[in-house]
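Here the structure comes first, spelled out in structure tokens, and everything after it is commentary.
The values are calculated or read from the model by the stated rules, or taken from the named source; none is laboratory data. Here the structure is a predicted model, which is why all the values come from computation and not from measurement. Counting neighbours? That spans all protein chains shown, and the Cβs are built from the backbone with ideal geometry, glycine included. The accessibility values were calculated without ligands, DNA or RNA, using every heavy atom of the protein model including side chains. Shrake-Rupley method; radii C 1.70, N 1.55, O 1.52, S 1.80 Å.
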Number of protein chains: 2
Amino acid sequence: MEKLMQQAKHYVRDMVLGIVSAHPDLYETRDGLPLILRKGGAIQGKVGLVSGGGSGHEPAHAGYVGDGMLDAAVCGEVFTSPTPDLILEGIKAAHGGAGVLLIVKNYAGDVMNFEMAKELAELEGIEVETVIVNDDIALPATSERRGVAGTVLVHKIAGAAAAAGQPLQEVKRVAEKVIANTRSIGMAVAPCYMPESGKPGFDLSPHEMEIGIGIHGEKGLERKSLAPVQEITAQLLQKLRQEMQGNDVIVLVNGMGGTPLSELYITYHYVAEALQKDGVSIKRSLTGNYMTALEMHGFSITLCQVDDELITYFDAPVHTVGFR
Amino acid sequence: MEKLMQQAKHYVRDMVLGIVSAHPDLYETRDGLPLILRKGGAIQGKVGLVSGGGSGHEPAHAGYVGDGMLDAAVCGEVFTSPTPDLILEGIKAAHGGAGVLLIVKNYAGDVMNFEMAKELAELEGIEVETVIVNDDIALPATSERRGVAGTVLVHKIAGAAAAAGQPLQEVKRVAEKVIANTRSIGMAVAPCYMPESGKPGFDLSPHEMEIGIGIHGEKGLERKSLAPVQEITAQLLQKLRQEMQGNDVIVLVNGMGGTPLSELYITYHYVAEALQKDGVSIKRSLTGNYMTALEMHGFSITLCQVDDELITYFDAPVHTVGFR
């Protein structure tokens with residue numbers, strides 16, 4: 001598998017230039033930095049939302065910058081955490097006088113670098129809070145659980161709370177409620193390929209699949225013979241449902257970047273059928289590429305247990321390229 | 001490469017069920033047929049727009065059903081033209097008393113089956129017109145040129161003309177103007193795999209690419225060593241620009257289904273840079289998966305020469321899942 005790019009070292013630079021020039025009405029960047037900022041800058045009096053991490057997950061996180069979601073996305077190199085200095089620039093750009101919430105996926109590098117950036121911003125007098133997304137149930141220990149596709153629901157719902165004028169502590173509370181209520185698990189039939197080396201994240205024979213994959217080319221926790229999608233979704237849903245009480249959910253069937261949309265809708269059909277049989281009420285759903293791993297071929301299922309508060313924020317208007 | 005599905009023969013059925021259940025506010029279907037219809041049925045007094053063809057191109061065509069674009073999408077089996085009977089059902093569902101325009105991609109099977117459906121509909125007293133999209137310049141003879149990603153621009157712009165209340169002949173004139181002004185060409189670094197056989201559309205060694213691929217697994221017209229994306233885009237743009245006079249364009253960088261969005265934005269960056277150097281003014285742009293070939297890894301570039309009329313229709317409001 002070959003990568004379509006000029007040189008690996010320009011991958012993120014060229015991507016950021018492409019994103020900004022493709023959407024001049026929505027985005028701006030600053031000083032040639034790999035930052036995607038809301039056009040027009042921070043909104044005075046609104047809590048700023050900043051997310052990001054390594055690149056390669058598009059449309060995350062840049063595609064979620066816009067009214068009703070994020071104010072800034074910080075774009076590290078592919079699958080590599082951005083530096084504290086760069087995150088600090090994102091915080092400063094997003095700060096409209098009401099403080100900034102950092103939405104961080106639970107990876108050691110991201111957690112450390114966003115924490116350092118928070119401290120640097122506080123030295124400059126900006127109030128900053130952090131939430132850590134850990135929705136991936138592939139790993140048993142909560143402390144080890146990674147942030148994956150469920151992060152997009154945190155962006156959307158916390159973004160709506162911020163847009164509604166809620167103060168920083170309240171936006172943080174809403175974000176933490178979404179995190180507490182959200183679980184994901186993924187699978188793949190083909191890996192992604194690293195831009196630098198051109199090597200696959202893992203080797204997989206035909207007729208095999210990985211269950212519990214990450215979004216950085218990490219192989220899964222189990223390798224199995226490929227089963228019909230109906231059996232795969234039943235198995236993944238069983239794992240997800242073991243961790244959840246409520247019966248009102250938002251469902252996200254997320255493509256890993258290289259999966260045809262037709263297959264994602266086929267997957268959604270069996271997910272919806274199984275949940276309905278199980279007495280679960282699907283309040284809202286999303287199907288598509290939301291949090292990808294380059295061209296990995298597979299999907300993840302996310303369930304977010306919701307109440308009226310979360311649904312109201314989920315339904316609030318949003319204007320981004322990545323979320324609909 | 002394995003396909004995520006229950007059984008090949010249920011691929012389109014399950015996909016249609018998934019699309020309709022994922023978007024109950026936008027879509028309905030009828031009698032279990034593989035038709036995606038605008039929720040609420042035909043709009044009285046508006047020209048109905050019907051498109052479709054083989055499946056495997058998602059979000060085309062189902063994702064373009066909605067206010068401001070199509071009224072019905074007819075979903076054949078993967079890469080296989082729908083039957084005249086099924087197309088007739090789509091025409092009847094889209095007919096709101098003002099006639100129906102069929103937007104057909106230039107493939108022998110589609111052209112024949114849509115023509116037969118048109119005759120059947122006329123027997124039932126429905127006025128029907130047809131336009132044939134042939135934007136793919138990979139093949140030299142106009143009669144052989146296939147309809148590819150540019151079809152989406154015909155849906156959007158003719159859809160806006162219909163939504164504005166224009167009569168059938170005027171909607172047809174606008175659609176034909178878009179077709180006359182639109183050219184596309186594509187490339188791939190990896191093929192798609194057929195659901196029935198699991199076989200790739202073509203075999204490609206690492207470090208090779210196909211130029212001039214179709215959207216049904218057809219190989220390209222030339223096989224070359226892979227070049228940096230900047231050189232590929234320069235070569236494709238030169239072919240496109242040879243066929244066009246004007247300097248005001250809409251640009252569509254379309255993913256073939258398995259291409260990471262990051263690579264599409266990298267591609268857009270170099271396309272935009274080259275066009276600007278060439279004195280071309282990009283009036284609007286789209287980057288993403290619009291007309292795919294299952295999980296093919298590659299992209300196409302579409303240029304549509306525009307004037308104020310076409311831009312006004314392009315900018316008109318639309319409410320679909322596939323277009324933004």
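How far, in nm to one decimal, is A:Gln238 from itself in the other copies if the label point is set 7 angstrom along Cα toward Cβ? Shortest first, please.
Spelled out, the distances from A:Gln238's label point are 5.9 nm.
Tell me the per residue accessible area of the stretch A:236-289 using a 1.4 Å probe; a whole number in Å² is fine. Show your work: numbers first, answer last.
Details: 1770 Å² over 54 residues.
With all protein chains present, the stretch A:236-289 gives 33 Å² per residue.
Have a look at B:Glu28, B:Glu124, B:Glu170 and tell me which one the Gaussian network model of chain B (Cα, springs below 10 Å) gives the largest fluctuation.
With Cα springs under 10 Å in chain B, the top fluctuation among B:Glu28, B:Glu124, B:Glu170 is at B:Glu124.
Within the stretch B:1-99, list the chymotrypsin sites (Phe, Trp or Tyr not before Pro) lying in a DSSP loop whose Cβ has at most 15 other Cβ atoms in a 10 Å radius.
Of the chymotrypsin sites (Phe, Trp or Tyr not before Pro), not one in the loops of the stretch B:1-99 has a Cβ with at most 15 other Cβ atoms within 10 Å.
Take the solvent-accessible surface of the protein heavy atoms, probe 1.4 Å, and return the percent of it on the stretch A:182-314 that carbon and sulfur atoms account for.
Percent of accessible area from carbon and sulfur atoms in the stretch A:182-314: 44.
Round to a whole angstrom and tell me the spacing of the C-alpha centers of the stretch A:211-287 and the stretch B:1-77.
22 Å
Work from the charge dipole of the stretch B:11-180 (Cβ charges, +1 for Lys and Arg, -1 for Asp and Glu, about the Cα centre) and give the residue of B:Leu17, B:Gln44, B:Ala121 farthest towards its positive end.
So the residue furthest toward the plus end is B:Gln44.
How big is the antiparallel share of DSSP beta bridges in the stretch B:11-180, given as a percent to the nearest 5?
25 percent
Would you tally the net charge around B:Gly18, using a Cβ to Cβ cut-off of less than 11 Å, leaving B:Gly18 out, and scoring K and R as +1, D and E as -1?
-3
Go through the stretch A:219-272 and name the GluC sites (Glu not before Pro) that are in a DSSP coil and have 15 or fewer other Cβ atoms within 10 Å of their Cβ.
Passing sites in the stretch A:219-272 are A:Glu243.
Pick from A:Ala138, A:Ala180, A:Ala227: which residue has the top mean-square fluctuation in a GNM of chain A where Cα pairs under 10 Å get a spring?
A:Ala227
Distance in whole Å from the A-onto-B rotation axis to the closest C-beta of chain A, together with the residue it belongs to, please.
Closest to the axis: A:Gly258, 2.
If one takes the accessible area of chain B alone plus chain A alone and subtracts that of the pair, with a 1.4 Å probe, what total in Å², rounded to the nearest 100, results?
4500 Å²
Given the pairs B:Lys118/B:Lys199; B:Lys177/B:Lys239; A:Lys156/B:Lys46, which span a C-alpha to C-alpha distance of over 26 angstrom in this model?
From the list (B:Lys118/B:Lys199; B:Lys177/B:Lys239; A:Lys156/B:Lys46), the Cα-Cα distance tops 26 Å for B:Lys118/B:Lys199; A:Lys156/B:Lys46.
Take B:Ser285, B:Ser197 and sort them by solvent-accessible surface of the protein heavy atoms, 1.4 Å probe, largest at the top.
In descending accessible area the options line up as B:Ser197, B:Ser285.
What is the distance in Å between the Cα centres of the stretch A:89-105 and the stretch B:141-194?
Using only Cα atoms, the two centres lie 43 Å from each other.
Tally the DSSP beta bridges in the protein assembly as shown and give the antiparallel ones as a percent, rounded to 5.
The answer is about 50 percent antiparallel.
Of the listed pairs A:Lys105/A:Lys283; A:Lys105/B:Lys39; B:Lys3/B:Lys172; A:Lys105/B:Lys3, which have alpha-carbon separations greater than 27 Å here?
On the way: A:Lys105/A:Lys283 25 Å; A:Lys105/B:Lys39 38 Å; B:Lys3/B:Lys172 39 Å; A:Lys105/B:Lys3 30 Å.
A:Lys105/B:Lys39; B:Lys3/B:Lys172; A:Lys105/B:Lys3, as the Cα separations exceed 27 Å there.
For A:Gly76, list long-range residues whose amide hydrogen, built 1.01 Å from N in the peptide plane, is under 5 Å from its own amide hydrogen.
A:Gly53, A:Gly54, A:Ser55
In chain A, if every C-alpha pair distance is counted and binned at 20 Å from zero, what percent goes to each bin?
Final binned percentages: 35, 58, 7.
How big is the charge dipole of the stretch A:182-314 about its Cα centre, in debye rounded to the nearest 20, if each Lys and Arg gets +1 on its Cβ and each Asp and Glu gets -1 on its Cβ? Could the numbers behind the result be given before it?
Details: 10 positive and 16 negative charges, 24 e Å.
Dipole magnitude for the stretch A:182-314 comes out near 120 debye.
Below 12 angstrom from the Cβ of A:Val178, what's the summed charge of the other residues (Lys, Arg +1; Asp, Glu -1)?
With Lys, Arg at +1 and Asp, Glu at -1, the neighbours total +1.
About its Cα centre, how strong a charge dipole does the protein assembly as shown have in debye, to the nearest 20, once Lys and Arg get +1 and Asp and Glu get -1 at the Cβ?
0 debye
If amide hydrogens are placed 1.01 Å from N in the peptide plane, which non-local residues have theirs closer than 5 Å to the one on A:Ile213?
When sequence neighbours closer than 5 places are left aside, the close amide H contacts are A:Gly186, A:Met187, A:Ala188, A:Leu221.
Using a Debye calculation, one point per C-alpha and no hydration shell, please list log10 I(q)/I(0) for the stretch B:16-82 at q = 0.20, 0.23, 0.26, 0.27 Å⁻¹ in order.
-0.72, -0.94, -1.18, -1.25
Ignoring everything except DSSP H segments at least 4 long, calculate the 222 nm mean residue ellipticity for the protein assembly as shown; use -39,500 (n - 2.57) per segment, divide by total residues, nearest 500. Display every interim value, and only then the final one.
Numbers: 16 runs with 208 residues, N = 648.
Theoretical 222 nm ellipticity from helices: -10000 deg cm²/dmol.
Work the Kirkwood hydrodynamic radius out for the protein assembly as shown: mean of 1/r over every pair of different alpha-carbon atoms, inverted, in Å.
24.7 Å
What does the charge count near B:Gly99 come to, summing +1 for each Lys or Arg and -1 for each Asp or Glu among other residues with Cβ under 13 Å from its Cβ?
Numbers: positive: B:Lys46, B:Lys92, B:Lys118, B:Lys172; negative: B:Asp71, B:Glu122, B:Glu124, B:Glu127, B:Glu129, B:Glu170.
Its environment carries a net charge of -2.
Go through the stretch A:235-246 residue by residue and turn each phi into a ³J(HN,Hα) via Karplus (6.51, -1.76, 1.60, θ = phi - 60°); whole Hz please, and just put x for glycine and proline.
Listing the rounded values in order: 5, 5, 5, 4, 4, 5, 5, 4, 9, 10, 9, x Hz.
Which angle between 0 and 90 degrees, to the nearest 10, do you get for helix B:261-277 versus the longest principal axis of chain B when only C-alpha atoms count?
Helix B:261-277 sits at roughly 70 degrees to that axis.
Scan around B:Val128 for amide H atoms under 5 Å from its own, H built in the peptide plane at 1.01 Å from N, and keep only partners 5 or more places away or cross-chain.
Here B:Val100 satisfy the definition.
Using the Cα gyration tensor of the stretch A:182-314, with a ≥ b ≥ c the square roots of its eigenvalues, what is the shape: rounded (a/c below 1.5), prolate (a/b larger than b/c) or oblate (neither)?
prolate
Hey, for A:Glu124 with labels 7 Å out along Cα-Cβ, what do the inter-copy distances come to in nm, ordered shortest first?
6.5
Run through every distinct alpha carbon pair of the stretch A:8-181 and return the Kirkwood hydrodynamic radius in angstroms, one decimal place. List each step's numbers first, then the result.
Values: mean 1/r = 0.0640 Å⁻¹.
Value: 15.6 Å, from the Cα pair sum.
Leaving out ligands, DNA and RNA but keeping every protein chain, what accessible area does A:Ser225 have, in Å² rounded to the nearest 10, with a 1.4 Å probe?
For A:Ser225, solvent-accessible area is about 90 Å².
Placing the label point 7 Å from Cα along the Cα-to-Cβ direction, what are the distances from A:Pro24 to the equivalent spots in the other copies, shortest first, in nm to one decimal?
Distances between equivalent label points, in nm: 4.3.
Taking every DSSP beta bridge with both residues inside chain A, roughly what % is antiparallel (nearest 5)?
Antiparallel bridges make up about 55 percent of those DSSP assigns within chain A.
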